1. Any residue in segment 30-44 that's within 14 Å of GLY80 (Cα to Cα): show its pairings with residues that are assigned to a loop (DSSP other than H, G, I, E, B) and among the β-branched types (Val, Ile, Thr) at Cβ separation under 9 Å, as long as the two are six or more apart or on different chains.
2. Counting only residues that are within 15 Å of ligand 1 (Cβ to nearest atom) and acidic (Asp, Glu), which one in segment 24-82 is farthest from VAL95 (Cα to Cα)?
3. Pick from segment 90-102 the residues that are near ligand 1 (Cβ under 10 Å from one of its atoms) and not in a loop (DSSP other than H, G, I, E, B): which of them is farthest from VAL44 (Cα to Cα)?
4. If I go through segment 44-89 residue by residue, how many of them are in a loop (DSSP other than H, G, I, E, B) and either within 21 Å of GLY104 (Cβ to Cβ) or not hydrophobic (A, V, I, L, M, F, W, C) (or both)?
5. Before we move on, is CYS6 within 15 Å of ligand 1 (Cβ to nearest atom), assigned to a loop (DSSP other than H, G, I, E, B), of a type in the set (A, V, I, L, M, F, W, C) and at pLDDT 95 or above?
6. In segment 65-79, how many are over 18 Å from PHE27 (Cβ atoms) and either surrounded by 12 or more Cβ atoms within 10 Å (Cβ to Cβ) or touching a helix residue (DSSP H, G or I) at 6+ places or on another chain (Cβ under 7 Å) (or both)?
Amino acid sequence: MDCIFCKIANKEIPSDIIYEDESLLVFKDINPLAPVHLLVVPKVHINSLNDISESNSSIVSKIFELIPQIAKEMKINETGYRVISNCGKDGDQTVEHLHYHILGGRKLDSSLG
Ligand code: 5GP
Ligand code: ZN
């Protein structure tokens with residue numbers, strides 16, 4: 001499958017990996033929009049939020065259990081951060097492999113759109 005995040009997960013494309021376990025990968029966004037801009041990615045291919053269901057939602061729990069740990073490691077847990085998952089055309093999703101952005105390290109704009 002020609003999916004850039006599957007290739008990153010398979011180490012076919014290099015990335016700046018912050019964390020890895022058997023099911024998740026966290027790496028730095030190639031085009032950071034904040035001093036801390038990480039992507040939390042399941043190793044299994046899921047297209048987007050639209051494809052989460054009872055059969056695969058345990059990965060979402062794992063992602064949200066991991067996020068506070070990563071925030072602490074990156075020392076943004078006290079200053080705060082934002083977690084975003086863009087979905088589809090109107091959500092401006094550019095990579096069709098489910099991922100969660102973690103943005104922090106500066107005061108973020110209050111605009112969500
Ligand atoms: P989306 O726009 O789908 O929500 O987010 C995709 C993100 O992936 C973008 O912020 C983009 O900068 C990042 N990205 C795209 N290709 C690569 C890559 O090859 N390596 C890394 N580290 N990030 C990438
Ligand atoms: Zn993929």
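1. Going by the 9 Å Cβ cut-off, the qualifying pairs are PRO35/ILE76; VAL36/ILE76.
2. Among them, the one singled out is ASP51.
3. HIS101
4. 19
5. Spelling it out, it is not the case that CYS6 is within 15 Å of ligand 1 (Cβ to nearest atom), assigned to a loop (DSSP other than H, G, I, E, B), of a type in the set (A, V, I, L, M, F, W, C) and at pLDDT 95 or above.
6. Total satisfying the criteria: 2.
The values are calculated or read from the model by the stated rules, or taken from the named source; none is laboratory data. Fair warning: this is a prediction, and the values are worked out from it, not measured in the lab. Neighbour counts run over all protein chains shown; Cβ positions are idealised from the backbone, glycine included.
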